[in-house]
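Taken together, the values in this text are just the output of simple stated rules run on the coordinates, not laboratory data. As the structure is a computational prediction, the values presented were derived from the model and not from experiment. Cβ sites come from the backbone with ideal geometry, for glycine too, and all protein chains shown count toward neighbours.
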Amino acid sequence: METSSSYLSYIHDMQNYQISQGRKEYQQPYASSFEDIYQKASQENVKLSNAKTFLENLSQSELTTLQKYSGLAEAIDVGALSAEGAYNLLMHDNEQYDFNNDGVAEVGIAKKMLPIPTNMSSDVRSAYITALNSLDDKDKLMAVTLTFDSARLISQINNTPYTPTTIDYTFLQQRVQERLHPTQGAYTSEEIKQSTQAFWDAFNNAYTGDKTTSSEDETDSAVAQFLKDLREKGALKFLLDLNQEKIDKLVEEYREKLLDELGDSPEMMTRIDKLVDNFRKKLLEDLQNALDNDKHTTPINSNVLALMTFEHYTNQNSHLEELLQS
């Protein structure tokens, strides 16, 4: 088994995660045969580096067991697997991991969103698992959508590298607030609000980390003002104002630099004023171009994901285990 500290820390916490009853019932007919393969893999110290070799030496019957236990639609083609896909096939659900940090765990050729993201900070993970275990299936599913990392979808749309967002207390708090108090035309149904509140209450009861939001010190005051401005102005106006502040700062720094280099004689001051004016115009043009280009990018709203998931649950409750996967 892999022994990196991040992996061991993750699966240590995952031992407490309660897999859905539907998933357990689905795996039950194949569980005994899977355990035989799992024990064999443990004895041979299977890791990412040798998982494919181990699979190549299994019988067709054993490969079928892994296919069925994992819920794969098609027979396993070992040659088509990545190292991660091969390794995760041999692990229990709560031991599977996103080793290459691309936002999903490969299990065979399938790409699976883990119920507990690997980019969740360790101080949050234990409380998050405790909270999920206390919820019914519907509320659990709503909580899972809170951890959706839009950076992954943006990277796919723009074909750019994916840098995982750290899912910490602040991340969850912001997502919950967005869902409970939607702005800028977003909508959250009362059912989703109730579900989200149920998770947030359970999470806060379990979380023992720092929740300080005091506005007494300078940093917290700045954060509070930031959120206040964002709510009152709206995203676009806030972005414009924020960039204007940056432009003003850059212009002032540019003016100071010119004064140091050229001096403050009347002739130089006239020249400096002209150079500064041109510099400001260029910055404003760059800002406008950036905003124009950004209009072609569809904003990603976690509330939309929650609504779609809630409707799917309501209409197809029997397929919940397919969404949770574990």
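Observations on the model:
- Restriction of the GluC sites (Glu not before Pro) in the range 68-175 to DSSP coil positions whose beta-carbon has at most 13 other beta-carbons within 10 angstrom yields Glu74.
- If you wrap the range 93-196 in the convex hull of its Cα atoms and look at it from every side, the mean projected area works out to 7.8 nm².
- In a fully extended conformation the segment linking Tyr7 and Asp168 would gain 56.2 nm over its present Cα-Cα distance, using 0.36 nm per residue.
- Label point distance in nm, Glu74-Phe279, each placed 7 Å from Cα along Cα→Cβ: 5.9 nm
- J(HN,Hα) series, the range 113-129, from Karplus relation 6.51 cos²θ - 1.76 cosθ + 1.60, nearest Hz, glycine and proline x: 6, 6, x, 10, x, 6, 8, 7, 4, 5, 5, 8, 4, 4, 5, 5, 5
- Within the range 65-223: Cβ-based charge dipole about Cα centre, in debye rounded to nearest 20 (Lys, Arg +1; Asp, Glu -1): 440 debye
- Dipole of the range 17-154, positive direction: furthest Cα of Ser126, Leu66, Val107, with charges on the beta-carbon: Ser126
- Taking N as its residue count, the alpha carbon Rg of the range 1-129 over 2.2 N^0.38 Å: 1.01
- Kirkwood Rh and Cα Rg combined as Rg/Rh, the range 95-144: 1.00
- Projected label distance in nm at Arg271 and Gln21, using a 7 Å step from Cα toward the beta-carbon: 8.3 nm
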